[in-house]
Amino acid sequence: MNFIEIPSFVTVLDFIGTFAFAISGIRLASAKRFDWFGAYIVGLATAVGGGTIRDVLLDVTPPWMTDPMYLVCTAVAMVFVIIFGKYLIHLNNTFFLFDSIGLALFTVVGFSKAYTMGYPFWIAIIMGSITGAAGGVIRDVFINEIPLIFRKEIYAMACVVGGLAYWFCLKAGMEDYLGQIIGGVTVFLVRILAVKYQITLPILKGDPENT
């Protein structure tokens, strides 16, 4: 008898993060007047770019190469933006919301994957940060914008804080899914509060005359 395999909590987070990040990429591509194919590519690169870099570093096959659901999730996100495009474009915080959700979920997924494979917590935090932030870098390069990670906004640092929160939960003996929830919420809140209250990291100042 065949039973339907119930996806793990991390897998569910991964798919939700894929959908959220794909929307953020497609949303910006539509604002730049990309055609449907170009917008889909931007959304797909945003959704799987960070995870692909992570998996190459961990020497494993990226999941989108074995599971078509990542391509399907991006296609669904594309249809979503096409249907509700005019409404989404008029909402100035739409990109920020979906980008923050994707950042939070992908950070947790990346940390969990590396930590489960036996890597130390600091490597897991780096992998979580790459998973969360690298897709956004690829997206911004594709649409000819300065990547958020290189601006004053707290972006990748939110991933680091969330990864630390996840690790502390595990060390405290909490269930893994609780650590994932707390870690993801931490990333989301750090990102939201940093933008709301204009909290930034110190800027490295140099002499422009000598550059």
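What follows is calculated from the coordinates using simple rules that are stated; it is not laboratory data. Note that the structure is predicted; figures quoted are calculated from it, not measured. Because the Cβ atoms are built from the backbone with ideal geometry, glycine has one as well, and the counts that use them run over all protein chains shown.
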Check your understanding: Only one of 141, 195 is surrounded by fewer than 21 Cβ atoms within 10 Å (Cβ to Cβ), of a type in the set (Val, Ile, Thr) and more than 16 Å from the chain's Cα centre (by Cα); which?
Key -> 195
Review point. So residue 187 clears everything in (1) closer than 19 Å to residue 130 by Cα; (2) in a loop (DSSP other than H, G, I, E, B) except one condition, right? Which one?
Key: (2)
Check your understanding: Which of the residues that make up the stretch 22-35 are surrounded by fewer than 24 Cβ atoms within 10 Å (Cβ to Cβ) and farther than 13 Å from residue 80 by Cβ?
Key -> 28, 31, 32, 33, 34, 35
Exercise for review: Quick one: in the stretch 129-138, of everything that is touching a residue at least 40 places away in the same chain (Cβ under 8 Å) and over 17 Å from residue 95 (Cβ atoms), which residue is surrounded by the fewest Cβ atoms within 10 Å (Cβ to Cβ)?
Suggested key: 134
Practice item. Using the structure shown, decide if residue 39 is closer than 23 Å to residue 141 by Cα, out of contact with any Phe, Trp or Tyr (no Cβ under 9 Å at 6 or more places or on another chain) and surrounded by 23 or more Cβ atoms within 10 Å (Cβ to Cβ). Key: yes
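Any residue that is over 25 Å from residue 178 (Cα atoms), more than 11 Å from the chain's Cα centre (by Cα), surrounded by fewer than 22 Cβ atoms within 10 Å (Cβ to Cβ) and hydrophobic (A, V, I, L, M, F, W, C) - is there at least one of those in the stretch 11-21?
no
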Study note, to complete from the structure: Of the listed residues (80, 84, 19, 37), the one being among the hydrophobic types (A, V, I, L, M, F, W, C) and under 26 Å from residue 157 (Cβ atoms) is 19
